[in-house]
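S.K.: Have a look at this one before I ask anything.
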Amino acid sequence: MRNFGFRSGRADVEMLVQMKTAADSFVGTSKNIGVGGLYVETQRSFQVGDRVAVEFSLPELDRVVAVDAEVRWTRAAESGSGGIGVRFIRLPIVSAIAIEEYVRRKDDDRTPS
C-alpha cells in the first residue's frame, strides 16, 4: 500500500485543481505536490497513461500554473477517496521554481527549531 504522506521533494497542499480532458472539464482537490507532479482527489475514472490539462494556483502564488500532465497511477474510490497521481509534462521553468520554493517552505515549516 502506498504511503500518501510527506516524501522528500513533495509538500501537502489542499487546493482546487481545474482538470480538462479531450471530452470533459471538472475540478478536483490536490493533496500534495512536487516539481514532478501532484496527487488529485477525484471520483472520475482514469487509466494510467491518460492525458489531462491541469490548472491551479499555489497558495501565495499570484499566477495560475497551467500544464499538461499524464496519469501515472490511480487510487480506487472504494479504498477511501479516489484519486490520481499525475506527472507534469514540460512544466515551464517559472512554474517549476515556484513549486520548488513552495515545497522548500513547507519542508522548513516541518523542521524543528
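The values are calculated or read from the model by the stated rules, or taken from the named source; none is laboratory data. All of these numbers come straight from a predicted model, not from anything done at the bench. Note that we place each Cβ from the backbone using ideal geometry, even for glycine, and neighbour counts take in every protein chain shown.
S.K.: Among the residues of region 44-60, is there at least one that is at pLDDT 95 or above, farther than 17 Å from PHE26 by Cα and not small (Gly, Ala, Ser)?
M.R.: The answer is yes, given that some residue of region 44-60 is at pLDDT 95 or above, farther than 17 Å from PHE26 by Cα and not small (Gly, Ala, Ser).
S.K.: Here is a follow-up. Applying the selection to region 86-106, what residues are over 12 Å from ILE33 (Cα atoms) and modelled with pLDDT under 90?
M.R.: Within region 86-106, ARG105 is the sole residue that qualifies.
S.K.: Continuing with this model, one more query. Within region 17-35, track down each residue that is farther than 22 Å from ILE97 by Cβ and among the hydrophobic types (A, V, I, L, M, F, W, C).
M.R.: Those that are farther than 22 Å from ILE97 by Cβ and among the hydrophobic types (A, V, I, L, M, F, W, C): MET19, ALA22, ALA23, PHE26, VAL27.
S.K.: For region 12-64, how many residues are surrounded by 13 or more Cβ atoms within 10 Å (Cβ to Cβ), touching a Gly at 6+ places or on another chain (Cβ under 9 Å) and not in a strand (DSSP E or B)?
M.R.: Residues in region 12-64 being surrounded by 13 or more Cβ atoms within 10 Å (Cβ to Cβ), touching a Gly at 6+ places or on another chain (Cβ under 9 Å) and not in a strand (DSSP E or B): 4 in total.
S.K.: For region 34-66, how many residues meet the condition of being in contact with a helix residue (DSSP H, G or I) (Cβ under 9 Å, 6 or more places away or on another chain), farther than 30 Å from GLU78 by Cβ and not charged (D, E, K, R)?
M.R.: Residues in region 34-66 being in contact with a helix residue (DSSP H, G or I) (Cβ under 9 Å, 6 or more places away or on another chain), farther than 30 Å from GLU78 by Cβ and not charged (D, E, K, R): 6 in total.
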